[in-house]
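Undergrad: If you scroll down you'll find the structure; I have some questions about it.
The values are calculated or read from the model by the stated rules, or taken from the named source; none is laboratory data. Fair warning: this is a prediction, and the values are worked out from it, not measured in the lab. Positions of Cβ are generated from backbone atoms using ideal geometry, with glycine treated the same way; all protein chains shown enter the neighbour counts. Heads up: the accessible areas ignore ligands, DNA and RNA and are worked out on the full protein's heavy atoms, side chains in. Shrake-Rupley method; radii C 1.70, N 1.55, O 1.52, S 1.80 Å.
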Amino acid sequence: MAKHTKTPAPSVSELLRLPPGERVDLAATDTRATPGISGGKGAAGAAQQELAERLAELQERLYASGRTGGERRLLLVLQGMDTSGKGGTVRHVLGQVDPQGVSITAFARPTEEELHHDFLWRVERRLPPAGAIGVFDRSHYEDVVAARVRGSVPQSTWGPRFDIINRWEEQLVERGLTLLKVFLHISPEESRRRLLARLDTPEKHWKFSPDDIDDWGRWDAYTEAYEDALRRCGTRTAPWFVVPADRKWYRNWAVTALLVEHLDGLGLGWPPATFDVAAERARLLAAG
């Protein structure tokens, strides 16, 4: 009898990666879907604990590599509508690793100084050093999404930026940076619910701005702008991953899994000792 080999389950990266160059229709992607995990919130919580241990080990290997001359580094770019959970992802996912090996930047609207430079100037300055995981809570994609929707710059300015971004990201990858671009996909209904929760909870008022409602009212325009950015800047070198984000527990599990898969792909071991281990051990035992 012929033996039947079991087809391995697709990785989370395979499930969530956008095919480069294809048309993007965000409305066709279920924001409450849970690709790659079955069993609901309880199963995801158990899987999250296992992934957290693996993530912590891989991050320590990356950090050790950077401390011993390695050039590898990883940048997690988080984009999404307001309330999609960028800050929550940073707390719940990156909170699982040693903070000394993580750099986090939350990009706000450009300052006067930043506006006097090329739009990538402020982003380049916040790239993670060797051995670190960098996180961008919003990023250079604000310059082709928010700037476009709010009309802060004309199309003649934001239009050419897609090609500039693609060339820049390709150069980063060539220099040893692993780029993980994640779009947190939330529904307008869930976004409204979260905005209302901020208004109804005094402890969350600091998270709210009246501008949030104005941006929520531009949902269709933001969707169109994001679909354009995901299509035009989703390349084989730097693809986009779309994470359904209505369920926070799934969002956290999926981003953790993506980080583990990308760090695992670096194939980093522990750096070998640059000294005679046996001799140093003997010297320590003989001391004092």
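Undergrad: Given (1) under 20 Å from residue 80 (Cα atoms); (2) part of a helix (DSSP H, G or I); (3) open to solvent by less than 10 Å² (accessible area, probe 1.4 Å); (4) of a type in the set (A, V, I, L, M), where does residue 172 come up short, assuming only one miss?
TA: Result: residue 172 passes all but (1).
Undergrad: Can you pull out every residue in the range 112-126 that is open to solvent by 100 Å² or more (accessible area, probe 1.4 Å) and either touching a residue at least 60 places away in the same chain (Cβ under 8 Å) or under 23 Å from the mean Cα position of the chain (by Cα) (or both)?
TA: If the condition is that a residue be open to solvent by 100 Å² or more (accessible area, probe 1.4 Å) and either touching a residue at least 60 places away in the same chain (Cβ under 8 Å) or under 23 Å from the mean Cα position of the chain (by Cα) (or both), then 125, 126 are the ones that fit.
Undergrad: On to the next question. All but one of (1) more than 17 Å from residue 182 (Cα to Cα); (2) touching a His at 6+ places or on another chain (Cβ under 9 Å) hold for residue 95; which doesn't?
TA: (2)
Undergrad: Separate question: I'd like to know if the range 178-189 contains one or more residues that are of a type in the set (A, V, I, L, M, F, W, C) and either open to solvent by 80 Å² or more (accessible area, probe 1.4 Å) or in a helix (DSSP H, G or I) (or both).
TA: no
Undergrad: Please name all residue pairs, on different chains or six or more residues apart, with Cβ atoms under 7 Å, provided the first residue is in the range 257-282 and is of a type outside the set (Asp, Glu) and the second residue is open to solvent by 60 Å² or more (accessible area, probe 1.4 Å).
TA: Between residues of the range 257-282 that are of a type outside the set (Asp, Glu) and residues that are open to solvent by 60 Å² or more (accessible area, probe 1.4 Å), the close pairs are 260/54; 266/72; 268/72; 271/68.
Undergrad: Restricting attention to the range 207-216, does a residue exist that is in a helix (DSSP H, G or I), of a type outside the set (Ser, Thr, Tyr), touching a helix residue (DSSP H, G or I) at 6+ places or on another chain (Cβ under 9 Å) and modelled with pLDDT of 95 or more?
TA: No; the residues of the range 207-216 include none that is in a helix (DSSP H, G or I), of a type outside the set (Ser, Thr, Tyr), touching a helix residue (DSSP H, G or I) at 6+ places or on another chain (Cβ under 9 Å) and modelled with pLDDT of 95 or more.
Undergrad: A further question on this structure: Go through the range 232-256 and count every residue that is part of a helix (DSSP H, G or I) and either out of contact with any Leu (no Cβ under 9 Å at 6 or more places or on another chain) or closer than 17 Å to residue 179 by Cβ (or both).
TA: 6
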